[in-house]
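Report on the following structure.
Throughout, read-outs are computed from the coordinates displayed, never taken from laboratory work. What you see is a predicted model, and the numbers here were worked out from it, not measured in a lab. Neighbour counts run over all protein chains shown; Cβ positions are idealised from the backbone, glycine included.
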Amino acid sequence: MCFSKSVTKLKNYYTILEIPESASAEMIKNAYRNLAKRWHPDVNPGDQIAEKMFMEIKEAYTTLSNAIKRNYYDYQLRKAILDKKVEPTTTTKVGSFRKKEQETTTTTKKTTQEKTEKKEKEKVFHSSETYKNRLDDLLKKHNDLVEKQKKTAEANRQKEEKEKTFYDKFRENRENSFMEQKLKQSEEKIQEKEKAEHATMETEESVVKPQKNRIKAILSILGFRSD
């Protein structure tokens, strides 16, 4: 959706979808489906009026189905209505591209009581005072929605950082554990080597010492000093 700086070009999407400004999300969706089926180019092949109407319906639904876009659009629409640059919303008015059969169809006269009941049911805001009172509320609601999205994005970012920190610590602990295991294995190998050398030395002493004793004995018999 593109919001033009020129207020005079602003379209009344509620009038295009034939719904009141207080319409719920479900009402907007149902209105879009019904009108899209009626004005779809496949249903009206070669009809340029139907094609243009379908594009307007799609544009209106794209804006009104998004909460943030809708709030900002409502703010602009009400401001334009206050400046009398856009006609007030009415669900009885046909869209800007309606077929001649619908445009020329005569409507039966209704009693004053029926018109009053219709206005009460639609809850259409036509008074300048009502629009002025709601402008600030709509702008505040729009800002709240934007702030909520920012907080959600920040919370997701912090969650990702926390998870990343956890995995980094896990990886670091695992690497430290691996190094400790390697160091322990190295120390065990050194100890085993020292034990083997000590055992070899004891074995050599056990073999050499008796031989030395025999040599001393022989030298003593022959009268030589064994020192």
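Under 16 Å from a point 7 Å along the Cα-to-Cβ line of residue 184: which residues of the stretch 155-178 have their amide N that close?
Hits in the stretch 155-178 for residue 184 at 16 Å: 173-178.
Once label points are set 7 Å from the Cα along Cα→Cβ at both residue 87 and residue 191, what is their separation, rounded to one decimal in nm?
9.6 nm
Using the per-residue mean of other Cβ atoms lying within 10 Å as a proxy for protection, in what order, highest first, do the peptides 75-82, 25-32 fall?
75-82, 25-32
Going through the cross-link list 79/151; 58/141; 79/148; 37/141; 11/140, which pairs have a Cα-Cα distance over 31 Å in this structure?
Among 79/151; 58/141; 79/148; 37/141; 11/140, the Cα-Cα distance tops 31 Å for 37/141.
Within the stretch 142-227, report the trypsin sites (Lys or Arg not before Pro) that DSSP leaves as loop and that have at most 14 other Cβ atoms within 10 Å.
225
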